[in-house]
Every structure is written in C-alpha cells, then in structure tokens.
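Before any comments, here is the structure.
The values are calculated or read from the model by the stated rules, or taken from the named source; none is laboratory data. Just so it is clear, the structure is predicted and the values come from calculations on it, not from any experiment. Quick reminder, even Gly has a Cβ in these numbers, built from the backbone with ideal geometry, and neighbours come from all protein chains shown.
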Amino acid sequence: MNLEQISAALSEQLPERDADIERREARLEVFGNIAFVGLGIILAAGIVGILYMIITKMILTGERPLAGILLANFVVFAALALTYVVLREDLNDRKKKARAVSAPTSEPDAEIDTNKLLQDPINERAPSIIEDTTDLLPAHPGSKYREL
C-alpha cells in the first residue's frame, strides 16, 4: 500500500510548535541543569564531610580502624554508583532527544517501499481449525460412529 497520502494528511493535522513554548522548555532545562549541579555539589560536600568524620574519628584515633576503612569505602563506592546512575540517565535522555530531532516527522521514510509485496512466499501450510477435532470423541461399540 502506498501510505504517502495518508502521511501527508496526518502531518497537516499536527499543531505547529509555538516558539514561546520552545523558549520556556529551554529555560526550564537550563534551570533543571543548574539545580542538579547545585544538588551534586551539596551531595559531594556531604560525602567529603562524612569521609572526614570517618577518617578522623575512627581511623586516625585508632579506635576502630578496620570498621572506619570499610565504612569509608562504602561511602565512596555508593557515591560513585549514584553518579553512574545519574550520568547514565542523562545520557539516555540526550539520546532520546537526539533521535526525536533527527527523526523526520512529516516525511515518510525513503528507504521503506510500501508498494512491494513480500519477496519470499510462505511455504508452510496453515493448519486447519477442524483437523484432529474428532480424535478425542469416544467410539462406543455398536454406535453408528465408528472409526474407519
């Protein structure tokens, strides 16, 4: 089927993007980036403070050096895992936006030709819904329905 006319008709029905809405979206994205950077700085300062307390109170005083080292490693690797998750989600969002921008919205794909039929015929026989339906019926001696 040739779907070019349908695609053109649907693209005419789509509302035009408003420039004011796009500016607001851009500002909101900048605001979100600033907020997350600020949150990241505060979290990093908190992690450094926790590590400082662990090192000075547990490791350097000699009270519980092994527990202090384990706790410090836990805090460091938890912060690294959180950073990885945040950066991975940011990368996925950027990929989605890049795909949305690069994907044509009003023009059909030039690579796909919907006028062609399948090149390879299907050689398998489709099963019938009435095959083997009487196999489960009981055959009684003397009845008029006997196996042939």
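For the range 31-39, indicate whether the set of residues that are polar (S, T, N, Q) and at pLDDT 90 or above is non-empty. Checked against the condition, which is being polar (S, T, N, Q) and at pLDDT 90 or above, the range 31-39 yields no hits at all.
Taking the criterion of being modelled with pLDDT of 90 or more and surrounded by 11 or more Cβ atoms within 10 Å (Cβ to Cβ), the residues of the range 40-51 that qualify are LEU43, ALA44, GLY46, ILE47, VAL48, ILE50, LEU51. Of all the residues in the range 6-64, those that are over 24 Å from GLU89 (Cα atoms) and not β-branched (Val, Ile, Thr) number 24. When every residue of the range 17-24 is checked against the conditions, at least one turns out to be surrounded by fewer than 10 Cβ atoms within 10 Å (Cβ to Cβ), at pLDDT below 85 and within 30 Å of ASN2 (Cα to Cα).
Yes/no per residue for (1) within 28 Å of LYS97 (Cα to Cα); (2) hydrophobic (A, V, I, L, M, F, W, C); (3) touching a residue at least 24 places away in the same chain (Cβ under 8 Å):
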| site | (1), (2), (3) |
| --- | --- |
| GLU4 | yes, no, yes |
| GLN13 | yes, no, no |
| ILE21 | yes, yes, no |
| ALA26 | yes, yes, no |
| ILE34 | yes, yes, no |
| VAL37 | yes, yes, no |
| LEU43 | yes, yes, yes |
| LYS57 | no, no, no |
| PRO65 | no, no, no |
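Residues of the range 12-23 include none that is of a type in the set (Gly, Ala, Ser) and under 28 Å from the mean Cα position of the chain (by Cα).
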